[in-house]
Amino acid sequence: MCDNKLFEGKTALITGASKRIGRAIALGLACEGANVVVHYRASKAEAEQLAAEIRALGPNAWTIQADLSVLDEIDQLIDRACDIAGPLHILVNNASAFPRNTLDNLTFDALIDSIKTDAWAPFALSRSFAAKPGAQHIVNLLDTRIYSSYDFSHVAYLSAKHLLGLFTKMLAIKLAPEIAVNAVAPGLILPPEGKGMDYLESLKDELPLKRIGNPQQVADAVLYLVSSEFITGQVIFVDGGRHLNEVSRG
Ligand SMILES: NC(=O)c1ccc[n+]([C@@H]2O[C@H](COP(=O)([O-])OP(=O)(O)OC[C@H]3O[C@@H](n4cnc5c(N)ncnc54)[C@H](OP(=O)(O)O)[C@@H]3O)[C@@H](O)[C@H]2O)c1
């Protein structure tokens, strides 16, 4: 059981919440008293397990399935979440796809797929969320590389995250003063599918702080943003200083 209850009476929808960073964010918010709608696409068992863990902490929790590469499912998700959980106060756009593509083999369809899941879905969910009573905070998960370097192996993903960074700033202006819109840009936190922690360990010496991070540190940044009433349009880098790399190498 957790003692502090910063978000008692609030309800958060977190996309892609069943595992990894999304799970840490969900548990972090729940530890502070928030009820949580755990969105998942394929990880049903993990989502239900997480919802049970959250209920054991005290708050309520529900699971909701949607494929955020399908436009109709994006359009319906906020209404469906409100139907099961009541008014939503916090939206965390965490779900993301990480397909491999290079400048040589990138196709238009692959670019659109990434834009759908990693930029359009967060944008459209934010717009629907903002139209409902109770909406207060949106946090988008970006990637530190949109500020410091290029990832030539995940061109569509990185392009979509750039767009989400732009949406974050524009929505911060458009949705003020009722709603704060911020972002967290993680760096080396968890390895992508098919790679182990040794992959991240091999990269850590390139970072100013020379260590990798963890999901709790990302969750802490999200919690800080949604607990503030005076921050909007901000990006917190949880990246060991990676976004400074171009400067530090200069
Ligand atoms: N991991 C890192 O070190 C790192 C670094 C930089 C940025 N980030 C960003 O931080 C966030 C969390 O990272 P992560 O590594 O924990 O994410 P992840 O494991 O790659 O993905 C999170 C969830 O997104 C969901 N998802 C993927 N495609 C979807 C779709 N079409 N519709 C609905 N849900 C979909 C999946 O849900 P299901 O399992 O239910 O299918 C998945 O569990 C992401 O936005 C990521 O880009 C992470």
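The values are calculated or read from the model by the stated rules, or taken from the named source; none is laboratory data. Since the model is a prediction, treat every value here as computed from it, not as a measurement. Counting neighbours? That spans all protein chains shown, and the Cβs are built from the backbone with ideal geometry, glycine included. Surface areas here come from the heavy atoms of the whole protein model, side chains and all, with no ligands, DNA or RNA. Shrake-Rupley method; radii C 1.70, N 1.55, O 1.52, S 1.80 Å.
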Next item on the list: Would you check which residues across the stretch 183-198 are outside any loop (DSSP other than H, G, I, E, B) and surrounded by 13 or more Cβ atoms within 10 Å (Cβ to Cβ) and list them?
Entry: ALA183, VAL184, ALA185, PRO186
Notebook entry, point to check: For the stretch 141-164, what are the residues that are more than 12 Å from the ligand (Cβ to nearest atom) and in contact with a Phe, Trp or Tyr (Cβ under 9 Å, 6 or more places away or on another chain)?
Noted result: LEU163
Check: Taking the condition more than 14 Å from the chain's Cα centre (by Cα), surrounded by fewer than 19 Cβ atoms within 10 Å (Cβ to Cβ), more than 14 Å from the ligand (Cβ to nearest atom) and not hydrophobic (A, V, I, L, M, F, W, C), does GLU178 pass?
Finding: yes
Check: Among the residues of the stretch 138-152, is there at least one that is farther than 28 Å from PRO208 by Cα, surrounded by 15 or more Cβ atoms within 10 Å (Cβ to Cβ) and touching a residue at least 12 places away in the same chain (Cβ under 8 Å)?
Finding: yes
Notebook entry, point to check: So is LEU188 in contact with an Asp or Glu (Cβ under 9 Å, 6 or more places away or on another chain) and either of a type in the set (Asp, Glu) or under 15 Å from GLY241 (Cβ atoms) (or both) or not?
Noted result: yes
Next item on the list: Give the number of residues within the stretch 1-42 that are out of contact with any Gly (no Cβ under 6 Å at 6 or more places or on another chain) and farther than 18 Å from ILE84 by Cβ.
Entry: 17
Margin query: Exactly one condition in (1) over 17 Å from the mean Cα position of the chain (by Cα); (2) aromatic (Phe, Trp, Tyr); (3) closer than 21 Å to LEU223 by Cβ is false for PHE129; which is it?
Written below: (1)
Next item on the list: All but one of (1) farther than 26 Å from LEU164 by Cα; (2) open to solvent by 30 Å² or more (accessible area, probe 1.4 Å); (3) modelled with pLDDT of 95 or more hold for THR107, so report the exception by its number.
Entry: (1)
Note to self: Looking only at the stretch 201-223, count every residue that is without any contact (Cβ under 8 Å) to a residue 60 or more places away in the chain and either closer than 13 Å to PHE237 by Cβ or touching a strand residue (DSSP E or B) at 6+ places or on another chain (Cβ under 6 Å) (or both) and tell me the total.
What the structure shows: 6
Margin query: Looking at the stretch 16-29, can you tell me whether even one residue there is of a type in the set (A, V, I, L, M) and more than 16 Å from the ligand (Cβ to nearest atom)?
Written below: no
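Condition first: in a helix (DSSP H, G or I) and polar (S, T, N, Q). Now tell me which residues in the stretch 199-239 satisfy that. Outline the logic, then answer.
In the first step, residues of the stretch 199-239 are kept if they are in a helix (DSSP H, G or I); the result is 199-206, 215-227.
Of everything in the stretch 199-239, those that are in a helix (DSSP H, G or I) and polar (S, T, N, Q) turn out to be SER202, GLN216, GLN217, SER227.
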Note to self: Every residue in the stretch 87-110 that is more than 11 Å from the ligand (Cβ to nearest atom) and in contact with a strand residue (DSSP E or B) (Cβ under 8 Å, 6 or more places away or on another chain), please.
What the structure shows: PRO87, LEU88, HIS89, ILE90, LEU91, ARG100, ASN101, THR107, ALA110
Checklist line | Of all residues making up the stretch 111-134, the number that are of a type in the set (Gly, Ala, Ser) and either away from the ligand (no atom under 16 Å from the Cβ) or over 14 Å from VAL70 (Cα atoms) (or both) | finding: 5
Check: Among the residues of the stretch 101-141, which ones are of a type in the set (A, V, I, L, M) and within 21 Å of PHE152 (Cβ to Cβ)?
Finding: LEU103, LEU106, ALA110, LEU111, ILE112, ILE115, ALA119
